[in-house]
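K.L.:
Next up is a structure, given as structure tokens.
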Amino acid sequence: MQRGLQSVKITLDEAMTQSFTVLDFGFGTLLFGLLLTISIIDMRTFRLPNTLNFTLLVTGLVYAYLTNIGLLNALIGAAIGYSFFVIVEVGFRKLRGVDGLGRGDAKLLAVGGAWCGWMGLPYIVLFGSLLGIIAALLPMFKTHAQGWVPFGPFLALGIFIVWTAQKLAGL
């Protein structure tokens, strides 16, 4: 048992030293800080500020250009992420007659596409949705009189989880 745990620790240590560069750490700190800020704002106001979304999008594209994600993958990811949630938003409004997602959520998924590339989008949506569903079941997360739960914080957490997993995997 001891030997098994030691080999897991060595593998994780190797992954951390090989996967996270100074560039990754700097940009990752910026990503975490801005995602945390945008999440707090969304939980309080049900708004995802354009200035923060735009800042995250631009820094994600710069990061992609400087790393192995690649600018083309990031641009495709941003376009697909934004378009997918706009289609969901408009479709839900036509089907149900009320808003389900806001345009800020679409912009935040574009951010996820910029930081993680188009390949990360399904996982971002999966993690964000699962975390949002769990939160919707817990009364402490319902911050609106009608029981609404802001999706931005869970989408932001999904972005950070996928970005971190990609770094640990050496992608």
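K.L.:
Considering only G120, L137, A169, whose Cα is most displaced toward the positive end of the charge dipole of the range 69-171, charges sitting on Cβ of Lys, Arg (+1) and Asp, Glu (-1)?
P.N.:
The residue sitting farthest along the positive end of the dipole is L137.
K.L.:
Then there's this: What do you reckon, how do W148, W163 stack up by accessible area (1.4 Å probe), largest on top?
P.N.:
The residues order as W148, W163, largest area first.
K.L.:
Identify, among F160, V111, V86, the residue whose Cα sits farthest towards the positive end of the charge dipole of the range 53-171, taking +1 on the Cβ of Lys and Arg and -1 on the Cβ of Asp and Glu, with the dipole about the Cα centre.
P.N.:
Of the listed residues, the answer is V86.
K.L.:
Charges at C-beta only: +1 for Lys and Arg, -1 for Asp and Glu. How large is the resulting dipole of the range 81-171 about its Cα centre, in Debye rounded to 20?
P.N.:
Roughly 100 debye for the range 81-171.
K.L.:
Considering Cα pairs under 8 angstrom that are at least six residues apart, work out the relative contact order of the range 62-171 and quote it in whole percent.
P.N.:
28 percent
K.L.:
If you wrap the range 75-169's Cα atoms in a convex hull and average its projection over all directions, what's the area in nm²?
P.N.:
6.2 nm²
K.L.:
When only the heavy atoms of the protein chains count and the probe is 1.4 Å, how do R44, R103 rank by accessible area, highest first?
P.N.:
R44, R103
The values are calculated or read from the model by the stated rules, or taken from the named source; none is laboratory data. Only a predicted model underlies this, so the values are computations on that prediction, with no experimental measurement involved. Cβ coordinates were reconstructed from backbone atoms using ideal geometry, including for glycine residues, and neighbour counts include every protein chain displayed. With ligands, DNA and RNA removed, areas are computed over all heavy atoms of the protein, side chains included. Shrake-Rupley method; radii C 1.70, N 1.55, O 1.52, S 1.80 Å.
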